[in-house]
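J.: A single structure is presented below for examination.
The values are calculated or read from the model by the stated rules, or taken from the named source; none is laboratory data. Source: prediction; values computed, not measured. Reconstructed Cβ throughout: ideal geometry from the backbone, glycine too, with neighbour counts over all protein chains shown.
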Amino acid sequence: MFEYDVIAVGCGPAGLMACIELKKRGFSVAGIDIKVRLDKNYRAAAGFLFDEQDFNNEYIRNEPRGDTTLLTFTKAGFTFLYPGKTRPVHQSHLISNSGRIYTVTARNKPIMHTMDPTLWLKGLYDEARRAGVVFRTRTMAINAREIPGGMEIEVRQDGRKKEKMTCRKLIAADGLSSRIAKRLGMNRDRPLMDNAPTVEYHMDNVQTPFAEGDIGIFGKENLGMDGYIVMVPGVNGEKEYRIETAVHGPALNNYYAIDYFTRKSRFAHWFENARMLSKHAALMQMFPAMKVPYTGNVIFLGDAAAMAESLYPGATASGYMGAAAVAKELGGEKGFAQYTEWWNNSALEMTNDLQKMAEYAKRFLFNSWMGAEVMDRLFELAEKNPLTVDEFNGSPYDFARSVIEHLQSLPGIHRDWQQQLEGLKQASLHEFIGVIEKLKEGNRDIDYSKLQS
């Protein structure tokens, strides 16, 4: 009666991992995706890998194996052979509006590793193909509806006539702007919190003064407007970076900011001989996370159910756990309910704790909260008293708090700056939404005629 046991709509890390596991367990599986290639990353994805530390209630062990890396998800209970090397990062640099530099150095244990998102996808896709998963690329899932015993999905491939596919269970892993979630009414009680566009340049031969480390840049003097740019080291050498924007206001502001930073700012000389490898973008529609990430015969995995990016490792773990849940459902057990318990208690920390999202945002909003002048003065003090430790937890939920506490301890810091930093440390997500709205208003009237092609 059904063409497949399971159809996965969306074949990013969550969808691909789910397809692999279900095929291994003997089910007939098909993957549908609008993309032309499933072994290539198309969207902005900086390549952070927060391993060898607790992050999102997971602990990933990193074991180099020649030109590959075995990643063990110790809590979820599976391994992934990433077909490349990861890069250890022992330093993190923040640069203020006037060019002052704050540096964290971890002497022994890396703050994090970086990886290549395309290689991550390639590893999953190649494994899925070897397992015998059927894929349909250039195919959009237009609609989905419950039918007796399963699901009917309406698809269109290459703009041709609509056709229908059927399955017993449907996996929706189609990202933050999930079409399946919208079609099935899963967003009715999830108010849109923010639209956050981003632009990413992937470049090599970038001439920074730093031997290594990720770099975060604030301020109008550096970006041409209020905002933040992060430079994430690539895996192929010291001069390779992924440069990604976090700028509020109209989407075009992100192009303006990265153009200004790389061509007109005091740091433009870093990029004089740089080579563009690729350009990417993404739109993050941020809804509160689904508390119940399933309905009927449909389960929502990864970003499709999250409030913000689950990142590649988080999405991959969601795919594995989601596949186990689907297999139980197909065997007559309550797998979706068990997955929901994992999702709310053991998956992304921000799923059931909005304060975690605030902690995540604090790194990007230092300058906006404290003011450019104060940040300049604080970083001037920090240049004389850099933070050097044996180990430093680079998790986005912990990074800003550790920096704040170090700044608060600097000799010569004014009492009112300490209090202002304490307010930042305790700030809620609601307070940050107000800051973001002010940034949007302030960045609204940008002269785009200065934007180079």
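J.: Considering each residue of the stretch 340-360, count those that are under 15 Å from GLU309 (Cβ atoms), modelled with pLDDT of 75 or more and hydroxyl-bearing (Ser, Thr, Tyr), and give that number.
T.: So the count comes out to 1.
J.: Report yes if some residue within the stretch 139-147 is at positive phi and either among the aliphatic types (A, V, I, L, M) or over 27 Å from the mean Cα position of the chain (by Cα) (or both); otherwise report no. Working first, answer last.
T.: Applying the first criterion (at positive phi) to the stretch 139-147 yields none.
Within the stretch 139-147 (the criterion being at positive phi and either among the aliphatic types (A, V, I, L, M) or over 27 Å from the mean Cα position of the chain (by Cα) (or both)), the answer is no, since none of the residues qualifies.
J.: Could I ask something else about it? Taking the conditions exactly as written (assigned by TED's automatic domain parsing to the domain that holds PHE364 and at pLDDT 95 or above), does ILE101 satisfy them or not?
T.: On the way: assigned by TED's automatic domain parsing to the domain that holds PHE364: yes; at pLDDT 95 or above: yes.
Here the answer is yes, as ILE101 does meet what is asked.
J.: If you scan the stretch 177-209, which residues turn out to be basic (Lys, Arg) and surrounded by 19 or more Cβ atoms within 10 Å (Cβ to Cβ)?
T.: If the condition is that a residue be basic (Lys, Arg) and surrounded by 19 or more Cβ atoms within 10 Å (Cβ to Cβ), then ARG179 is the only one that fits.
J.: Would you please name the residue that is surrounded by the most Cβ atoms within 10 Å (Cβ to Cβ), looking only at residues in the stretch 210-233 that are part of a helix (DSSP H, G or I) and in contact with a strand residue (DSSP E or B) (Cβ under 9 Å, 6 or more places away or on another chain)? Spell out the reasoning first.
T.: As a first pass, look at the stretch 210-233 and keep what is part of a helix (DSSP H, G or I): 220-223.
If we keep only those that are in contact with a strand residue (DSSP E or B) (Cβ under 9 Å, 6 or more places away or on another chain) as well, we get 222-223.
Working: ASN222: 24, LEU223: 27.
Only one residue fits best here, namely LEU223.
J.: Which of the residues spanning the stretch 47-90 are closer than 27 Å to ASN344 by Cβ and of a type in the set (A, V, I, L, M, F, W, C)?
T.: The answer is PHE48, LEU49, PHE50, PHE55, ILE60, LEU71, PHE73, ALA76, PHE78, PHE80.
J.: Filter the stretch 119-142 down to residues that are touching a helix residue (DSSP H, G or I) at 6+ places or on another chain (Cβ under 6 Å), buried (at least 18 other Cβ atoms within 10 Å of the Cβ) and among the hydrophobic types (A, V, I, L, M, F, W, C), then give me how many there are.
T.: Number of matching residues: 4.
J.: Continuing with this model, one more query. With TRP369, TRP342 as the choices, which residue is surrounded by fewer than 24 Cβ atoms within 10 Å (Cβ to Cβ) and either charged (D, E, K, R) or assigned by TED's automatic domain parsing to the domain that holds LEU407 (or both)?
T.: Only one candidate qualifies: TRP369.
J.: Right, here's the next one. Kindly establish whether GLY47 is touching a strand residue (DSSP E or B) at 6+ places or on another chain (Cβ under 7 Å), modelled with pLDDT under 95 and closer than 23 Å to PRO117 by Cβ.
T.: So GLY47 passes the test.
J.: State all residues of the stretch 374-392 that are among the basic types (Lys, Arg) and surrounded by 13 or more Cβ atoms within 10 Å (Cβ to Cβ); if no residue qualifies, say none.
T.: Of everything in the stretch 374-392, just one residue is among the basic types (Lys, Arg) and surrounded by 13 or more Cβ atoms within 10 Å (Cβ to Cβ), namely ARG377.
J.: Considering only the stretch 237-246, I want to know if a residue exists there that is buried (at least 16 other Cβ atoms within 10 Å of the Cβ), under 23 Å from the mean Cα position of the chain (by Cα), at positive phi and at pLDDT below 95.
T.: No, the stretch 237-246 contains no residue that is buried (at least 16 other Cβ atoms within 10 Å of the Cβ), under 23 Å from the mean Cα position of the chain (by Cα), at positive phi and at pLDDT below 95.
J.: Check whether at least one residue in the stretch 299-319 is charged (D, E, K, R) and assigned by TED's automatic domain parsing to the domain that holds ARG61, and report yes or no.
T.: Within the stretch 299-319 (the criterion being charged (D, E, K, R) and assigned by TED's automatic domain parsing to the domain that holds ARG61), the answer is yes, since at least one residue qualifies.
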